[in-house]
Amino acid sequence: MRDMMPHFDLYQPDSVAAALELTSRLDEQAWILAGGQDSFDWLKNRTRRTAAVVDLGAIDELKGVRESAGGGLEIGALTTLTDIEAHPLIREKFELLARAAGRVASPQIRNAGTLGGNLCQDTRCWYYRHGVDCYRAGGNICYADTPEGQNREHAILGASRCVAVSPSDTATALTALDASVVLRSRAGERIVPISEFLVGPAINIRAMTTLRPGEILTTVRVPAIWSGAMFYFEKVADRAAWDFALVSIAAAFRMDGKRVADARLVAGAVACVPWRLHAAERAVVGRERSEDSAERAASVAVDGARPLNYNHFKIPLTENLVRRAIRDAQGA
Ligand SMILES: Cc1cc2nc3c(=O)[nH]c(=O)nc-3n(C[C@H](O)[C@H](O)[C@H](O)COP(=O)(O)OP(=O)(O)OC[C@H]3O[C@@H](n4cnc5c(N)ncnc54)[C@H](O)[C@@H]3O)c2cc1C
Ligand code: SF4
């Protein structure tokens, strides 16, 4: 890590319209800057360079949380993770998201890091972050998936040449909440479900999202459907603070009396994208939340997993998190 970034032109627009004019004009040259907690690593390390940075920090219309007509929420992409964690509407309706945001990194990083940046951040695979010529960087090898590869943190599901995982805690929660993102460019607006916005290597091995050059993520929409449901979020990491997930679970349960009417069980850090555990969801829907249904769900949760040399532990860990989510979810 060096402490000087190479030269670039810095633009600081104060409206979305001005930012879109810049990203459209600069196209692939534009590096969008939010809280800088991922961007500055790349630029200070000099593993990436850019001719121009478009800093969104002064755009007030991209900040804040609003209730939408149907009872859901619209969250500005520049809202900090600290504000997400503390916001009364998020805590009241979608506590799952507040809990996930509260488990990101450290208070200082949450004060600077934004929701949009947390969703768009790049993978933390250290081979890639050190600038090697792996598949994701345009080369023809994965250094993590070799007999000597250090792959304790890497994927057990959904890999395709690249075995890196998504580092975003809020993405796991937002996948469970069926959220979508609003992407704006000068050509117009796209509203994309988060499950399609975040992509694995089989779809695009060079990027973790479907964001196109010139586009800005302006808003995260959380629909009302899971408002006030029973939630569970747990993140297991090597350290209690300042650490990425080894495995996490975000769960939501809508109840019909004592039975589960609908469920979302999403595991983080087991795949390149937040991974919906469909079989485990099916195992619990229509049943009571009990040791028995938790056991059934856990037993099918990671079917098809392909662990690497050093991450077999992720299988029982994910199964245990599924058991705990079904047993200990609270709310409603
Ligand atoms: C030491 C450390 C520990 C961390 N631990 C965790 C953790 O445990 N869990 C976790 O989830 N995260 C973790 N993070 C990530 C951090 O929380 C930030 O959320 C994340 O790095 C990026 O947010 P940011 O706002 O700083 O975005 P930036 O760094 O400014 O941007 C990140 C990327 O997103 C793009 N981008 C940002 N905003 C937009 C937008 N609105 N539209 C289009 N593109 C955009 C940028 O171009 C860039 O490519 C950690 C970071 C550090 C440095
Ligand atoms: S896991 Fe992906 S990012 Fe890491 S070395 Fe392999 S190809 Fe590169």
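The table below lists the values:
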{"item": "Which listed residue is outside any loop (DSSP other than H, G, I, E, B) and touching a residue at least 12 places away in the same chain (Cβ under 8 Å), from Asp27, Asp14", "result": "Asp27"}
{"item": "Number of the exception - Ile141 against (1) surrounded by fewer than 16 Cβ atoms within 10 Å (Cβ to Cβ); (2) within 16 Å of ligand 1 (Cβ to nearest atom); (3) not aromatic (Phe, Trp, Tyr)", "result": "(2)"}
{"item": "Every residue from the stretch 208-226 that is within 18 Å of the chain's Cα centre (by Cα), surrounded by fewer than 19 Cβ atoms within 10 Å (Cβ to Cβ) and closer than 23 Å to Ala329 by Cα", "result": "Pro223"}
{"item": "Tally of residues being surrounded by fewer than 24 Cβ atoms within 10 Å (Cβ to Cβ), within 9 Å of ligand 1 (Cβ to nearest atom) and closer than 27 Å to Thr318 by Cβ across the stretch 166-193", "result": "1"}
{"item": "So Glu196, is it away from ligand 1 (no atom under 14 Å from the Cβ), touching a strand residue (DSSP E or B) at 6+ places or on another chain (Cβ under 9 Å) and among the charged types (D, E, K, R)", "result": "yes"}
{"item": "Answer from Ile84, Ile32, Ile109, Ile90 - the residue that is part of a strand (DSSP E or B), within 22 Å of the chain's Cα centre (by Cα) and not hydroxyl-bearing (Ser, Thr, Tyr)", "result": "Ile32"}
{"item": "From the options Ser185, Ser227, residue that is in contact (Cβ under 8 Å) with a residue 60 or more places away in the chain and over 27 Å from Ala298 (Cα atoms)", "result": "Ser185"}
{"item": "Qualifying positions in the stretch 32-51 - closer than 17 Å to Leu211 by Cβ and either touching a Leu at 6+ places or on another chain (Cβ under 9 Å) or away from ligand 2 (no atom under 16 Å from the Cβ) (or both)", "result": "Ile32, Leu33, Ala34, Gly35, Ser39, Thr50"}
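No value in this document is a laboratory result; all are computed from the given coordinates. Note that the structure is predicted; figures quoted are calculated from it, not measured. Every residue, glycine among them, receives a Cβ derived from its backbone with ideal geometry; neighbour counts consider all protein chains shown.
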